[in-house]
Amino acid sequence: MLSVLDCAFWPNGTYDETACDKISEDALLKSLVNSHMISVEIPPQKLSTPLATGAASKIENDILEVYRNNQDDNVSSIDLLSNEKVISDEILGNMFESFINNFKTENSETYFHQFHTNVTLKLYTIIIQLDHINSYSSEMYSHLIRNPLAVLEAFERGVCKLHNFQNFQVQIVANSNISKIRDINSNKSNRIIKIQGIVVSASSIITKPKELYLQCKNCQNVKKVKDGIPRNCDNSECPLDPYFIVPEKSIVEDIQYIKIQEFFEDIPMGETPRHFNISLSGVLANKISPGCQVKISGVYCIKNTSEKSFPFIRALGLENNKNKVKKSFSEEEESFFRDLSKQDIYERVSRSIAPSIFGKKDVKKALACMLFGGTRRIMDDGINLRGDINILLLGDPGIAKSQFLKFVELVSPISVYTSGKGSSAAGLTASVIKDRNNEFYLEGGALVLADNGVCCIDEFDKMNEHDRVAIHEAMEQQTISIAKAGITTVLNTKTSILAAANPIFGRYDDFKTPAENIEFGSTILSRFDCIFILKDKFSNEDRITAEHVLQLHTNQKRCKEDDVIDVDTLRNYIQYAKAKVFPTMNEMASQKLNKFYVNIRQQVNEYENETSSKSSVPITVRQLEAIIRLSESLAKIELNNTVSVRHVDEAIRLFQLSTMNAVSQGHQIEGMYRSDYFEQINEVIQKIKDVMPIGGSKRFVELAAIIGVEEAVMKRAIDYLVKQNKIVSRDYGRMLTRLP
């Protein structure tokens, strides 16, 4: 005779009818209570007789009543010990069908309309708000919260049975508070949670069987299974492993695995970003790509393998925030921003850019234009004209280039900061990774994660040449094309790039082009709308700069000047302007810019005719588009949908102070150079060679008096000859000796 313990722990949790005949009803109920870790399937007739008087306690009577009310179900001991009423899958399906048909929101919207619209479009899915289930039926909500995966499966089976669908998927979107990735722990196991983050990698689509249709090769017996293929047929005469799969009658679903990373603003200082694995199934698969900001409602699960166990979230619902910038604003916010735009907003925004940095007003104005950006346009032929502005800060060490980058990262709604020395081509664009199943998937880099934002690249000159070439496409076409390991795709990188670089020899050399000073070619220089040459030179403002820095260290309130907009308000104002304002150029502004462009081209043509030598064009169409973007951003700062002449004038001024200022200092940028500058230097060099014989020596003062030019031009010519080893300078530049 079997003991109660033997019956309670029968293999596979099933009940043996022969063994049960030898056990009393009282002992059987007690075994169920004591062994609540397993589920037992009991024939109804075995508990048809009442228990002996006094043999059963109150809890055993409750168990018996619960069982008799649910004789068609497989009752687990967890259900028997629970105070809640056990509901069958059929009842749950009917309750869900009633919810779809009868529930109405405050706006009189119904799930019935969504359901039949999706079915008409052959989209066998429906998106349900979790709070709506709670307001409709607390009983259905409590069962869903306690065992979400099983209840959702019951919902789907009920819909398929009532409407004769082969497959149906219920999506759940939770409106609860968002859990941070680093706060997820074991207490949330098998619970519906909601997380948000940036998608950094996405696997390829995997087809997984949901229900297999099996047929026996020997007796043609058919069977449907969900867990595994049995090795023995129900007919004992069939041999071992008789079943084969019938694919056309099996139910399969698509599975995709993604990895999300927490937002950069959620990462504590000094901590590395946390990642979490997400499993997407059915219609959720293949919906997102690396770089997307998403909110995911799902069930926290733990998968156990032979080697280890690892947590993941099985997604139930997906909210794809393609743009983290807010799209909707309250009436109070809109009124506040409209009033703010009338208060000399351009000057106030520029003063609010890194207020702790003294001076550099034009740099701050250009950075303000970059944060707001121009208008992105898509032509009828499919060509995209970018509206994002790229800026390069090039200059000597110690002039707050990195501080500008850090502030822009702080104030921009979407931003990524990286250093050129620690960045590779794959880290900036995208990489192809092989997972543990030897499947290849994409993992987005910094430019992909900064989509619709700003990517700040410090130490731009420290990058390797082949890594720097990888961002050419991202800067102009704003896409990243991938063709690796059988994966061919295009990722969006609609981002502004703010780069900072140092001269190759520490200090800036006026006689060299930016390409020679920082060792990258004119092809990438031309992709920057503004190039600022920042030099650390002695000036009358050194005393004021020193006082400003000392006051910052002694009293931090010094940086809080009047009319400075705080960071949070400025960030919200940028979001509002980028979401609501899309400026276009009026006729007068267009004529002004057209005239400016034609005049410069005409000046170059006249110079070529006078000198009979081919000269490069000081401005190209790419630079013309840069001025257009600057004009649109200036109008957007003022929340103005029309670009006027004054916006064009200010854009031309910023362009001349940045890119054209580099040209005026003798620097060459994609065919732009100032010819008269080199001519003057060459004339002075030739006169020096005529006046000084080889081996002869003269004092600098005497030589300058003989040639009769400005002292500054004379010094630059002497510096050039010294670097060419044509002249030796002695006695701190006072005595000059010519070499052969």
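The values are calculated or read from the model by the stated rules, or taken from the named source; none is laboratory data. On a predicted model such as this, the values are computed, not experimentally measured, just so you know. Please note: Cβ atoms are built from the backbone with ideal geometry, for glycine as well, and neighbour counts cover all protein chains shown. Ligands, DNA and RNA are excluded from the accessible area calculation, which covers all protein heavy atoms including side chains. Shrake-Rupley method; radii C 1.70, N 1.55, O 1.52, S 1.80 Å.
Please determine, by comparing only the residues of segment 103-125 that are out of contact with any Phe, Trp or Tyr (no Cβ under 6 Å at 6 or more places or on another chain) and in contact (Cβ under 8 Å) with a residue 24 or more places away in the chain, which one is least open to solvent (accessible area, probe 1.4 Å).
Checking each candidate, the answer is Thr125.
Would you tally the residues in segment 463-490 being part of a helix (DSSP H, G or I) and open to solvent by 50 Å² or more (accessible area, probe 1.4 Å)? Talk me through it step by step, then tell me what you get.
Initial filter on segment 463-490 (part of a helix (DSSP H, G or I)): 465-469, 472-476.
Applying the additional criterion that residues be open to solvent by 50 Å² or more (accessible area, probe 1.4 Å) yields 465-466, 469, 473.
Qualifying residue count for the region: 4.
(1) surrounded by 14 or more Cβ atoms within 10 Å (Cβ to Cβ); (2) modelled with pLDDT of 80 or more; (3) within 57 Å of the chain's Cα centre (by Cα): which one isn't true of Phe700, the others all being true?
Here Phe700 clears every test but (3).
For segment 426-436, how many residues are in a strand (DSSP E or B) and surrounded by 22 or more Cβ atoms within 10 Å (Cβ to Cβ)? Explain how you work it out, then say what you get.
Of segment 426-436, the ones in a strand (DSSP E or B) are 430-434.
Still in the list and also surrounded by 22 or more Cβ atoms within 10 Å (Cβ to Cβ): 430.
Count: 1.
Go over the candidates Asn232, Asn286 one by one and state the one that is over 23 Å from Ala485 (Cα atoms), in a loop (DSSP other than H, G, I, E, B) and polar (S, T, N, Q).
Details: Asn286 fails: over 23 Å from Ala485 (Cα atoms).
That would be Asn232, the only listed residue that is over 23 Å from Ala485 (Cα atoms), in a loop (DSSP other than H, G, I, E, B) and polar (S, T, N, Q).
Is it the case that segment 440-462 has a residue that's part of a helix (DSSP H, G or I), at pLDDT 85 or above and either surrounded by fewer than 21 Cβ atoms within 10 Å (Cβ to Cβ) or β-branched (Val, Ile, Thr) (or both)? Working first, answer last.
Keep residues of segment 440-462 that are part of a helix (DSSP H, G or I), which gives 446-449, 460-462.
Okay, now just the ones that are also at pLDDT 85 or above, so none.
The answer is no, given that none of the residues of segment 440-462 is part of a helix (DSSP H, G or I), at pLDDT 85 or above and either surrounded by fewer than 21 Cβ atoms within 10 Å (Cβ to Cβ) or β-branched (Val, Ile, Thr) (or both).
Between residues in segment 694-710 that are within 18 Å of Gln680 (Cβ to Cβ) and residues that are at pLDDT 85 or above and of a type in the set (Gly, Ala, Ser), which pairs lie under 7 Å by C-beta distance while being six or more apart or on different chains?
Close Cβ pairs satisfying both conditions: none exist.
Quick check on my filter: what residues within segment 360-383 are in contact (Cβ under 8 Å) with a residue 40 or more places away in the chain, closer than 20 Å to Thr642 by Cα and aliphatic (A, V, I, L, M)?
Result: Ala366, Ala368, Met370, Leu371.
Under 7 Å by Cβ, and 6 or more places apart or on different chains, what pairs join a residue from segment 646-659 that is closer than 13 Å to Ile628 by Cβ and assigned by the TED database to the domain that holds Asn586 with one that is of a type in the set (S, T, N, Q) and in a helix (DSSP H, G or I)?
His647/Ser631; Val648/Ser631; Ala651/Ser631
Suppose we filter Asn586, Asn594 for residues that are in contact with a strand residue (DSSP E or B) (Cβ under 8 Å, 6 or more places away or on another chain) and either surrounded by 13 or more Cβ atoms within 10 Å (Cβ to Cβ) or modelled with pLDDT of 65 or more (or both); which single one remains?
Working: Asn594 fails: in contact with a strand residue (DSSP E or B) (Cβ under 8 Å, 6 or more places away or on another chain).
On inspection, the qualifying residue turns out to be Asn586.
Which of (1) under 24 Å from Glu248 (Cα atoms); (2) open to solvent by less than 20 Å² (accessible area, probe 1.4 Å) does Asn164 not meet, given it meets every other one?
Asn164 satisfies all of (1) under 24 Å from Glu248 (Cα atoms); (2) open to solvent by less than 20 Å² (accessible area, probe 1.4 Å) except (2).
Any residue in segment 86-100 that is over 19 Å from Ser135 (Cβ atoms) and touching a residue at least 60 places away in the same chain (Cβ under 8 Å) sitting within a Cβ distance under 8 Å of a residue that is hydrophobic (A, V, I, L, M, F, W, C) and in a helix (DSSP H, G or I)? List the pairs, counting only those 6 or more apart or interchain.
Asp89/Ala154; Gly93/Ala154; Gly93/Phe155; Gly93/Val159; Gly93/Leu162
Can you go through Lys715, Lys687 and tell me which one is surrounded by 13 or more Cβ atoms within 10 Å (Cβ to Cβ), within 26 Å of Tyr508 (Cβ to Cβ) and of a type outside the set (Ser, Thr, Tyr)?
On the way: Lys687 fails: within 26 Å of Tyr508 (Cβ to Cβ).
Checking each option against the conditions leaves just Lys715.
Only one residue in Ile353, Ile399 is of a type in the set (Val, Ile, Thr) and touching a residue at least 60 places away in the same chain (Cβ under 8 Å), so which one is that?
Numbers: Ile353 fails: touching a residue at least 60 places away in the same chain (Cβ under 8 Å).
Only one candidate qualifies: Ile399.
Is it true that some residue in segment 133-141 is outside any helix (DSSP H, G or I) and in contact with an Asp or Glu (Cβ under 7 Å, 6 or more places away or on another chain)? Working first, answer last.
Of all residues in segment 133-141, those outside any helix (DSSP H, G or I) come to 137.
Adding the requirement that they be in contact with an Asp or Glu (Cβ under 7 Å, 6 or more places away or on another chain) leaves none.
Within segment 133-141, none of the residues are outside any helix (DSSP H, G or I) and in contact with an Asp or Glu (Cβ under 7 Å, 6 or more places away or on another chain).
If you check Gln656, Gln623, which single one turns out to be within 23 Å of Arg377 (Cβ to Cβ) and at pLDDT 75 or above? It would help to see each step written out before you state the result.
Details: Gln656 fails: within 23 Å of Arg377 (Cβ to Cβ).
Matching residue, one of Gln656, Gln623: Gln623.
How many of the residues making up segment 202-233 are farther than 30 Å from Cys292 by Cβ, surrounded by fewer than 11 Cβ atoms within 10 Å (Cβ to Cβ) and out of contact with any Leu (no Cβ under 8 Å at 6 or more places or on another chain)?
Just the residues of segment 202-233 that are farther than 30 Å from Cys292 by Cβ, to begin with: 211-233.
From what is left, the residues that are surrounded by fewer than 11 Cβ atoms within 10 Å (Cβ to Cβ) are 220, 226-228, 231.
When the remaining residues are screened for being out of contact with any Leu (no Cβ under 8 Å at 6 or more places or on another chain), the result is 220, 227-228.
Here the count works out to 3.
In segment 298-314, what residues are in contact with a Lys or Arg (Cβ under 9 Å, 6 or more places away or on another chain) and at pLDDT 85 or above? Steps first, please.
Step one: filter segment 298-314 for residues in contact with a Lys or Arg (Cβ under 9 Å, 6 or more places away or on another chain), giving 298-301, 309-312.
Residues satisfying the conditions are Gly298, Val299, Tyr300, Cys301, Pro311, Phe312.
Scan segment 728-738 for residues that are in contact with a strand residue (DSSP E or B) (Cβ under 8 Å, 6 or more places away or on another chain) and in contact (Cβ under 8 Å) with a residue 24 or more places away in the chain and jot them down. Full working, then the answer.
Initial filter on segment 728-738 (in contact with a strand residue (DSSP E or B) (Cβ under 8 Å, 6 or more places away or on another chain)): 728-730, 734-738.
Residues satisfying the conditions are Arg734, Met735, Leu736, Thr737, Arg738.
Could you give every pair whose Cβ atoms fall below 6 Å, whose first residue belongs to segment 450-462 and is of a type in the set (A, V, I, L, M), and whose second residue is in a loop (DSSP other than H, G, I, E, B), counting only separations of at least 6 or pairs across chains?
Close Cβ pairs (under 6 Å, with a partner that is in a loop (DSSP other than H, G, I, E, B)) amount to Ala450/Thr495; Val454/Ser412; Ile457/Gly420.
Output the qualifying pairs, or none if there are none: Cβ atoms under 8 angstrom, residues six or more apart or on different chains, first residue in segment 224-251 and without any contact (Cβ under 8 Å) to a residue 60 or more places away in the chain and over 9 Å from Leu212 (Cβ atoms), second residue among the acidic types (Asp, Glu) and exposed (fewer than 14 other Cβ atoms within 10 Å of the Cβ).
From segment 224-251, the pairs are Arg231/Asp241.
Got a sec? Which of Ile87, Ile100, Ile133, Ile128 is in contact with a Leu (Cβ under 8 Å, 6 or more places away or on another chain) and surrounded by 12 or more Cβ atoms within 10 Å (Cβ to Cβ)? Walk me through how you get there before you give the answer.
Working: Ile87 fails: in contact with a Leu (Cβ under 8 Å, 6 or more places away or on another chain); Ile100 fails: in contact with a Leu (Cβ under 8 Å, 6 or more places away or on another chain); Ile128 fails: in contact with a Leu (Cβ under 8 Å, 6 or more places away or on another chain).
Going through Ile87, Ile100, Ile133, Ile128 in turn, just one is in contact with a Leu (Cβ under 8 Å, 6 or more places away or on another chain) and surrounded by 12 or more Cβ atoms within 10 Å (Cβ to Cβ): Ile133.
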